[in-house]
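Presented below is the structure to which this report refers.
The values are calculated or read from the model by the stated rules, or taken from the named source; none is laboratory data. What you are looking at is a predicted structure, and each value in this text was computed from that prediction instead of being measured. Ideal geometry is used to build each Cβ from the backbone, glycine not excepted, and the neighbour counts take in all protein chains shown.
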Amino acid sequence: QVQLVTSGGGLVQAGGSLRLSCAASGSIFSINTMGWYRQAPGKQRELVATSTSGGSTNYADSVKGRFTISRDNAKNTVYLQMNSLKPDDTAVYYCNAEGRDGFAKIFFAWGQGTQVTVSS
């Protein structure tokens, strides 16, 4: 079973920065896509950024130019560097990974989430 552990959330003032980390562990053969999603109270979970093993990235329009997704494939870890944070960025941030496990089965795993709060 593949599990993801998310860390790095916290409370910051508007304009500040945070770096989130998400490490995958378990029976993993390969990871294709890793990504970040967020959900604010009363709102739908939304895509923030994704990254493929081939180096392609995708960002939500609301975070382009401010957030950067990166990966360390040797550590099965994905990061989200968040700069110029705004109060609207306040949400629980979840990481996701998709790939193939050690039993030749496709997996789609979610982390437990970490709270990011941006004060004005």
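So which residues in the stretch 53-76 are at pLDDT 95 or above, surrounded by 11 or more Cβ atoms within 10 Å (Cβ to Cβ) and hydroxyl-bearing (Ser, Thr, Tyr), if there are any at all?
Of everything in the stretch 53-76, those that are at pLDDT 95 or above, surrounded by 11 or more Cβ atoms within 10 Å (Cβ to Cβ) and hydroxyl-bearing (Ser, Thr, Tyr) turn out to be Thr57, Tyr59, Ser62, Thr68, Ser70.
Cβ-Cβ under 9 Å, sequence separation 6+ or interchain: first residue in the stretch 92-120 and at pLDDT 95 or above, partner surrounded by fewer than 14 Cβ atoms within 10 Å (Cβ to Cβ) and β-branched (Val, Ile, Thr). Which pairs?
Every condition considered, the pairs that remain are Glu98/Ile106; Gly99/Ile106; Arg100/Ile106.
Tell me the strands (runs of 3 or more DSSP E) entirely within the stretch 1-48 that contain at least 1 residues that are closer than 18 Å to Thr68 by Cα and among the charged types (D, E, K, R).
Numbers: elements: 3-7, 10-13, 18-25, 28-39.
In the stretch 1-48, the matching strands (runs of 3 or more DSSP E) lie at 18-25, 28-39.
For the stretch 85-120, give me the residue count where each residue is surrounded by 14 or more Cβ atoms within 10 Å (Cβ to Cβ), in a loop (DSSP other than H, G, I, E, B) and either within 12 Å of the chain's Cα centre (by Cα) or among the small types (Gly, Ala, Ser) (or both).
Summing the residues that are surrounded by 14 or more Cβ atoms within 10 Å (Cβ to Cβ), in a loop (DSSP other than H, G, I, E, B) and either within 12 Å of the chain's Cα centre (by Cα) or among the small types (Gly, Ala, Ser) (or both) in the stretch 85-120 gives 1.
What are the residue pairs meeting all of these: first residue in the stretch 47-62, first residue touching a residue at least 40 places away in the same chain (Cβ under 8 Å), second residue in a strand (DSSP E or B) and aliphatic (A, V, I, L, M), Cβ atoms under 6 Å, and 6 or more apart or on different chains?
Once the first residue is touching a residue at least 40 places away in the same chain (Cβ under 8 Å) and sits in the stretch 47-62, no partner that is in a strand (DSSP E or B) and aliphatic (A, V, I, L, M) comes close enough.
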